[in-house]
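All remarks here apply to the structure that follows.
The values are calculated or read from the model by the stated rules, or taken from the named source; none is laboratory data. None of the values given here were measured: they were computed from a predicted structure. Cβ placement follows ideal geometry from the backbone for every residue including glycine, while neighbour counts extend to all protein chains displayed. Side chains included, ligands, DNA and RNA excluded: accessible areas come from the protein's heavy atoms. Shrake-Rupley method; radii C 1.70, N 1.55, O 1.52, S 1.80 Å.
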Amino acid sequence: MNYREAMEYVEELQQYGSVMGLETVRELCARLGNPQDQLKFVHIAGTNGKGSVLAYVSTVLQTAGYQVGRYLSPVIRDYRERFQIGGRMITQTGLCKYLEQAQKAAEAMAKEGFPHPTLFEIETAVAFLFFLDKRCDLVVLETGLGGALDATNVVTTTIAAVFTSISMDHMGILGDSQQQIAIAKSGIIKDGCYVISSKQSPEVMKVLRQAALLRKAKFFTADAGRAKNVKYGVTKQRFSYDRYKNLEITMLGQFQIENAVTAVETIMALGRLGYPVPEDKLRRGLAETKWRGRFEVIGKKPLFIADGAHNEDASIKLAQSIRFYFTNRRIIYIMGVLRDKEYEKIIRNTCGLAEHIITVTPPAGERALHAYDLAQTVREYHDSVTVADSVQEAVEIAYLLAGLDQDTVIIAFGSLSYLGELIDVVEHRDTIRRDSHGRLEEG
């Protein structure tokens, strides 16, 4: 299998859709020698913030010298971003090697009458093979959807189960209340592990605490309200928590304090479990953590921000950050969403802050909401809307609207599926502009 064939196989696997449950992934992993049983996991579930907490925890651990695997979704630019060790994604050769092993096992299963594994189930098995082969000390694992019945929950050797903010998302699958969603996500808690949770609503905290009690797991609350000396900024932010004074992060958004606090509490718990991290490594790891497409500054003059706010809770947090950082600034949006998200609530929570909104169609097949349909809904709440035929066109329109006004802020948000292309367009444009300025100055 070469890389082109590997990508064709990944595309072919889309036909099997998304199936909740562990029976198929258990059978697949068993046929591959159960690589997950020889690894130790930090398993992260939640509605928003999973990726950021994963980034903080894994960066701090690798800064401290541990061999750390990262398994995450969705990705921004390259398919291989799903599988990383030490912040570096799997090689094309490595992906082909492990994917071929999983393919053989999956095809054998299908021939014997088992359900064919889904793409996510095969990706999960590939991740385990990769991390075991490279002898990872720890694997930081992000759930795909939910918890109890998510394919990642085939793992049994979790040492820390981490919960970020839990709110309403995927209701048709996980339940139509926060309590039901919390019950689904609490399934990642394993006997005797440590449980670390961001501060949640009372009903969610009750569910998580009861699940921990049932599993005889120690419970720790990461309460951002206990953070002291918090200083917000557009280039860096600072806070003190527990015994650590003036910790610095470069990821933006008020909500990043909560994510960073959850990560610090997780690192403290891992220290008690035999994975100590010196304070200087914690500080350096937090400061060096980056996470693409999460309230990320991707351009300046004018300021251009990309954010993966794709559900109601994330849109509320995005609006809070806009009000906080950009009071009295002129705002232009680029929006692209999936049709199975509560996009009307996202619009309602954010549109009042923008002067103009540009809509795009994400590259997500049947799940994508067409830019025209999104614009029709936006017009119910906002008078100034433009439909763009492509991400490139959306960026150009935004810059034209911004003009020379350096107080304008362009914010692209919604589905992560289009943000990778958008980031490439903006960064390429800035590179060309810098080069042309350099040549002009030299002449």
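Miscellaneous remarks
- Residue in segment 13-32 that is part of a helix (DSSP H, G or I), open to solvent by 20 Å² or more (accessible area, probe 1.4 Å), closer than 22 Å to residue 421 by Cα and of a type outside the set (Gly, Ala, Ser) present: yes
- Qualifying residue in segment 384-394 (condition: free of Cβ contacts under 8 Å to residues at least 60 places away in the same chain, open to solvent by less than 40 Å² (accessible area, probe 1.4 Å), out of contact with any strand residue (DSSP E or B) (no Cβ under 6 Å at 6 or more places or on another chain) and within 19 Å of residue 77 (Cα to Cα)): yes
- Residue list for segment 386-418, restricted to those being among the small types (Gly, Ala, Ser), part of a strand (DSSP E or B) and touching a helix residue (DSSP H, G or I) at 6+ places or on another chain (Cβ under 6 Å): 412
A quick yes/no check of all residues on (1) open to solvent by 10 Å² or more (accessible area, probe 1.4 Å); (2) under 22 Å from residue 147 (Cα atoms); (3) not hydroxyl-bearing (Ser, Thr, Tyr):
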| site | (1), (2), (3) |
| --- | --- |
| 214 | yes, yes, yes |
| 225 | yes, no, yes |
| 233 | yes, no, yes |
| 238 | yes, no, yes |
| 246 | yes, no, yes |
| 249 | no, no, yes |
| 255 | yes, no, yes |
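- Residue 380 vs. criteria farther than 20 Å from residue 47 by Cα, in a loop (DSSP other than H, G, I, E, B), among the acidic types (Asp, Glu) and open to solvent by 30 Å² or more (accessible area, probe 1.4 Å): yes
- Selection count, segment 51-79, where residues are in a helix (DSSP H, G or I) and crowded, with 21+ Cβ neighbours inside 10 Å: 13
- Residues of segment 422-443 that turn out to be open to solvent by 90 Å² or more (accessible area, probe 1.4 Å) and at pLDDT 80 or above, as a count: 1
- Residue within segment 361-368 that is under 17 Å from residue 346 (Cβ atoms), modelled with pLDDT under 95 and of a type in the set (Gly, Ala, Ser) present: yes
- Selection over segment 128-152 of residues that are of a type in the set (Asp, Glu) and in a loop (DSSP other than H, G, I, E, B) gives a count of 2.
- All conditions in (1) crowded, with 18+ Cβ neighbours inside 10 Å; (2) within 25 Å of residue 254 (Cα to Cα) hold for residue 362, with the sole exception of (2).
- Of the residues 421, 366, the single one that is assigned to a helix (DSSP H, G or I), in contact with a Pro (Cβ under 9 Å, 6 or more places away or on another chain) and more than 21 Å from residue 329 (Cβ to Cβ) is 421.
- Strands (runs of 3 or more DSSP E) wholly inside segment 187-290 that include at least 2 residues being under 23 Å from the mean Cα position of the chain (by Cα): 194-198, 218-222, 237-241, 244-249
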